[in-house]
1. Given the conditions (1) in contact with a Phe, Trp or Tyr (Cβ under 8 Å, 6 or more places away or on another chain); (2) at pLDDT below 95; (3) in a helix (DSSP H, G or I), which single one is not true for residue 54?
2. Would you tally the residues in the range 53-96 being among the charged types (D, E, K, R), within 15 Å of residue 5 (Cβ to Cβ) and touching a residue at least 40 places away in the same chain (Cβ under 8 Å)?
3. So the check is Cβ under 7 Å with 6+ separation or different chains; which pairs have a first residue in the range 31-46 that's not assigned by TED's automatic domain parsing to the domain that holds residue 68 and a second one that's of a type in the set (Val, Ile, Thr)?
4. With the requirement that a residue be loosely packed, with under 13 Cβ neighbours inside 10 Å and not in a loop (DSSP other than H, G, I, E, B), what does the range 4-51 give you?
5. With the requirement that a residue be more than 17 Å from residue 123 (Cα to Cα), touching a helix residue (DSSP H, G or I) at 6+ places or on another chain (Cβ under 9 Å) and not polar (S, T, N, Q), what does the range 73-92 give you?
6. Tell me, yes or no, whether the range 9-16 has at least one residue that is touching a residue at least 40 places away in the same chain (Cβ under 8 Å) and farther than 24 Å from residue 94 by Cα.
Amino acid sequence: MTAHHRGVNEVDEGQYDNEEMTRFITGCFVAFSLGTYRRIGQWDESYFLYFEDADWSERAIRQGLTLWYVPSIVLWHKNAQSTGGSGSATHLRYQEQNRLRFGLRYAPLRTKIHLIINILPRLFRNRK
C-alpha cells in the first residue's frame, strides 16, 4: 500500500509513455464516470489536505475498480502550493497527520503500530 507521484524529480526519457494500471491516482487531476462516483463516493473531507486521493484510490481498489495511468493526458501542477510549498511546516503537518489517518484506516497492524510510535509524537511536538 503506497502512493507516489509518478515521475517527480525525474528527467522524462519516455519511461512513462505507456498506459498502465496503478494503485494510486493523484487528486490534482482525475476523471471517472458518474457510476463510479456513486459507487465509491467523493473525496473524504476529513483529510482536508493530502491523502484524500490515496484514500479514494484505496476505496476504489477495494471495490474492485481498476485504476489507470494515461500518459496522453498532460497536466502541469505546482505541488503543495496551498500550504506554502513542499517542505513547509504546514505541508509537513498535514502530510504527517493524514499519513497517520490513512495508515490507521487501511494498513496492517504492524504498520499501524509503527505509525503511532513514529508520527504521533512528532505531531504533538510540532503543535502550535
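1. Among (1) in contact with a Phe, Trp or Tyr (Cβ under 8 Å, 6 or more places away or on another chain); (2) at pLDDT below 95; (3) in a helix (DSSP H, G or I), the lone unmet condition for residue 54 is (2).
2. From the range 53-96, those among the charged types (D, E, K, R) are 53, 55, 58-59, 62, 78, 93, 96; that's our starting set.
Narrowing the set further to residues that are within 15 Å of residue 5 (Cβ to Cβ) leaves 53, 78.
Within this subset, residues satisfying the condition of being touching a residue at least 40 places away in the same chain (Cβ under 8 Å) are 53.
Number of matching residues: 1.
3. none
4. If the condition is that a residue be loosely packed, with under 13 Cβ neighbours inside 10 Å and not in a loop (DSSP other than H, G, I, E, B), then 20, 21, 34, 35, 37, 38, 45, 46 are the ones that fit.
5. 80, 84, 85
6. Residues of the range 9-16 that are touching a residue at least 40 places away in the same chain (Cβ under 8 Å), as a first pass: 16.
Subsequent filtering for residues that are farther than 24 Å from residue 94 by Cα retains 16.
The answer is yes; a qualifying residue exists.
The values are calculated or read from the model by the stated rules, or taken from the named source; none is laboratory data. All of these numbers come straight from a predicted model, not from anything done at the bench. Here the Cβ is made from the backbone with ideal geometry for all residues, glycine too, and neighbour counts use every protein chain on show.
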